[in-house]
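Data first, discussion second: the structure below is written as structure tokens.
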Amino acid sequence: MKHIKTVNKANLSVTAKKGGCGKCQASCQSACKTSCTVGNQKCANEENR
Amino acid sequence: MIHKFKAKGRNVLLDVNSGGVHLIDDLTYDLLEEISPEILKECPKCPGDVLEKLSSRYQKEEMEEVYEELLSLYHDHILFSEDVYGDYSNTAVESPIKALCLHIAHDCNLRCKYCFASTGDFGTGRKLMPFETGKAAIDFLLAHSTNRENLEVDFFGGEPLMNFEVVKQIVAYARSKEAEYGKNFRFTLTTNGMLLDDDITDYLNKEMYNVVLSIDGRKEVNDRMRPRVDGSGCYDRILPKYKKFVERRGDKEYYVRGTYTKYNLDFSEDVMHLYEQGFEEISMEPVIEDQKKGYAITEKELERIYEEYDRLADRIGEVKKSGRHIDFFHFMIDLDQGPCVVKRLRGCGSGNEYVAVTPDGDIYPCHQFVGHEEYKMGNLEEGTFDETIKKEFAGSHIYSKPKCRDCWAKFYCSGGCNANNYIYNGDIHDAYELSCKIQRKRLECAILMKIEESE
């Protein structure tokens, strides 16, 4: 494309199908403790990678 | 829903529901002001009135070219993609409990001025958790975790190292149950560093999956807000201990974590100071406090704070460009392999898959709810646990929060902090707008940094 460059390849809607396994870390246990920061976490489910 | 913004000579377009991130030129940016999903659905060619409106600035052929590209993204479901997650939010039923915040010590050897725990005791008296209570908490977690294999226990306070022997006993007890229950415990600990010594360092580096080391940055900044009981600063005591701790930690996770206040709105200096001291994993959070306090951040400081995040992003970008490593917690974002949307709907999971336990064995939705009696969920000794409160938190997600539903950042912050929402707005479903504004700025910086890295 000439005018638009897509940066990422993922589509969030795809993750709805295999998501919710609960293997990932609870977000508040990482470093925040006073805010909720989820978007920077990793998916811990190998099947989704 | 889309969100677009201009920064550092670039135009960024985020398609909210797919998570698609696009770099667009000025023409596309301006054309999008006139284009809706309805137009893309109905019109195979760029509508005449749109062409007419922008005809003084752009050539017709170019606009038609852009429209075709937009149409292609639309059909690929990465532009104005549909919000298909409402159904998933309705299935946001109760989860197993997989994480505990253990208030191992409601006491502290510092008197940090912004402490949300009332300098350590959460307003409930200075106490240490007995091993029996910690043991009961582990048993509670094992009983309520059903099929979850990875269980998390965070040793929190107050200052958890004031009760270090009990930390060790609880770790040993939990480890002794792993094989029998088919569980994998991940321990974390948050410390102010005052009591770190070589033995404790080696123990924590062996047993803790992550360790959070509290320090606010430059000596004068840290010591102003983090004094000892006698009023003197703690910087000189903790810094060498942290350096040694991290040197010995190897590749395991840690964060040096600070809080910035109105007194250090130039907090990029504090982040970079910590980096220059040898720390590469850094978090620096805004203080969340009653706006009447002198150090509290208010709406008036926001523009200055936005500028400072831009400055910080530039400085971190420079470090990375030179081939060196630094992670700033709030700029970390994985556009391709981040958390699934189910996780993003529910956020931190407080009160549902994550609870806090006090030295008395009282159970709360998270550490920040401790002391708010109306949210006490039960007590370990009494064997009580209020499922009604758990259900309330299970139903807390971005579609249950009116302010979040229409926010472009909802899949990254996941509805914000339930405790902040409650403490400052009186309702876990009512987002705390000051935090939201800061969060949105950080996200724009994070997305832009990812784009820069991809170039």
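The values are calculated or read from the model by the stated rules, or taken from the named source; none is laboratory data. Just so it is clear, the model here is predicted, and its values are computed rather than measured. No Cβ is skipped: glycine too gets one built from the backbone with ideal geometry, and neighbour counts run over all protein chains shown. We work out accessible area using only protein heavy atoms, side chains counted, and drop any ligands, DNA or RNA first. Shrake-Rupley method; radii C 1.70, N 1.55, O 1.52, S 1.80 Å.
Of the conditions (1) touching a Lys or Arg at 6+ places or on another chain (Cβ under 8 Å); (2) assigned to a loop (DSSP other than H, G, I, E, B); (3) more than 10 Å from chain A (Cβ to nearest Cβ), B:GLY371 clears all except one; give me its number.
Tallying (1) touching a Lys or Arg at 6+ places or on another chain (Cβ under 8 Å); (2) assigned to a loop (DSSP other than H, G, I, E, B); (3) more than 10 Å from chain A (Cβ to nearest Cβ), B:GLY371 fails exactly one: (1).
Looking for whichever is among the small types (Gly, Ala, Ser), farther than 20 Å from A:THR6 by Cα, assigned to a loop (DSSP other than H, G, I, E, B) and facing another protein chain (nearest Cβ under 9 Å) here; the options are B:SER118, B:SER95. Which one fits?
B:SER95
Filtering region B:394-409 down to residues that are of a type in the set (A, V, I, L, M, F, W, C) and part of a helix (DSSP H, G or I), which residue is modelled with the highest pLDDT?
B:CYS404
Need pairs with beta-carbon distance below 9 Å; first residue more than 7 Å from chain A (Cβ to nearest Cβ) and within region B:10-37, second among the small types (Gly, Ala, Ser) and outside any loop (DSSP other than H, G, I, E, B); sequence gap 6+ or separate chains.
B:LEU13/B:GLY20; B:LEU14/B:GLY20
Test each condition in (1) modelled with pLDDT under 90; (2) within 11 Å of another protein chain (Cβ to nearest Cβ) for B:ALA356 and report the one that comes out false.
With (1) modelled with pLDDT under 90; (2) within 11 Å of another protein chain (Cβ to nearest Cβ) applied to B:ALA356, the lone miss is (1).
Somewhere in region B:236-257, is a residue assigned to a strand (DSSP E or B), among the aromatic types (Phe, Trp, Tyr) and farther than 17 Å from B:ASP327 by Cβ?
No, because not a single residue in region B:236-257 is assigned to a strand (DSSP E or B), among the aromatic types (Phe, Trp, Tyr) and farther than 17 Å from B:ASP327 by Cβ.
Return a yes/no flag: does region B:77-88 have any residue that is open to solvent by less than 40 Å² (accessible area, probe 1.4 Å), closer than 30 Å to A:CYS24 by Cα and part of a helix (DSSP H, G or I).
Yes - at least one qualifying residue is present in region B:77-88.
Is it the case that region B:380-392 has a residue that's open to solvent by 30 Å² or more (accessible area, probe 1.4 Å) and within 17 Å of the chain's Cα centre (by Cα)?
Within region B:380-392, none of the residues are open to solvent by 30 Å² or more (accessible area, probe 1.4 Å) and within 17 Å of the chain's Cα centre (by Cα).
Can you tell me which residue in region B:7-60 is nearest to the chain's Cα centre (by Cα), limited to those that are open to solvent by 50 Å² or more (accessible area, probe 1.4 Å) and within 30 Å of B:VAL342 (Cα to Cα)?
That would be B:GLU38.
Return yes or no: is B:GLU280 within 14 Å of chain A (Cβ to nearest Cβ) and open to solvent by 50 Å² or more (accessible area, probe 1.4 Å)?
yes
Quick test for you: out of B:ILE288, B:ILE297, pick the one residue that is open to solvent by 30 Å² or more (accessible area, probe 1.4 Å), touching a residue at least 60 places away in the same chain (Cβ under 8 Å) and not in a strand (DSSP E or B).
Every option except B:ILE288 fails the conditions.
Out of B:VAL212, B:VAL166, B:VAL221, which single residue is open to solvent by less than 40 Å² (accessible area, probe 1.4 Å), of a type in the set (A, V, I, L, M, F, W, C) and over 27 Å from the mean Cα position of the chain (by Cα)?
Only one candidate passes the filter, namely B:VAL166.
Of these, B:LEU189, B:LEU204, B:LEU161, which one is under 27 Å from B:ARG126 (Cβ atoms), buried (at least 22 other Cβ atoms within 10 Å of the Cβ) and within 13 Å of chain A (Cβ to nearest Cβ)?
B:LEU189
Condition first: open to solvent by less than 20 Å² (accessible area, probe 1.4 Å), farther than 30 Å from B:ASP87 by Cα and not β-branched (Val, Ile, Thr). Now tell me which residues in region B:343-367 satisfy that.
B:PRO359, B:GLY361, B:HIS367
What residue, among those in region B:410-444 that are acidic (Asp, Glu) and in a loop (DSSP other than H, G, I, E, B), is most open to solvent (accessible area, probe 1.4 Å)?
So, considering only residues that are acidic (Asp, Glu) and in a loop (DSSP other than H, G, I, E, B), the one most open to solvent (accessible area, probe 1.4 Å) is B:ASP427.
May I ask you to verify whether B:CYS108 is away from every other protein chain (no Cβ under 14 Å) and open to solvent by less than 30 Å² (accessible area, probe 1.4 Å)?
Judged against the criteria, B:CYS108 is a match.
Consider B:GLU94 carefully, then state whether it is more than 24 Å from the chain's Cα centre (by Cα) and open to solvent by 10 Å² or more (accessible area, probe 1.4 Å).
It is false that B:GLU94 is more than 24 Å from the chain's Cα centre (by Cα) and open to solvent by 10 Å² or more (accessible area, probe 1.4 Å).
Name the one entry in B:VAL166, B:VAL221 that is at pLDDT 95 or above, of a type in the set (Val, Ile, Thr) and either in a loop (DSSP other than H, G, I, E, B) or more than 30 Å from B:ASP266 (Cα to Cα) (or both).
Unique residue meeting the criteria: B:VAL166.
Is one or more of the residues making up region B:65-74 in a helix (DSSP H, G or I) and touching a residue at least 60 places away in the same chain (Cβ under 8 Å)?
No.
Looking at (1) of a type in the set (Ser, Thr, Tyr); (2) in contact with a Ser or Thr (Cβ under 8 Å, 6 or more places away or on another chain); (3) open to solvent by less than 20 Å² (accessible area, probe 1.4 Å), which is the one condition that is false for B:TYR242?
(2)
Might you let me know whether region B:282-293 holds any residue that is charged (D, E, K, R) and under 25 Å from B:ASP198 (Cβ atoms)?
no
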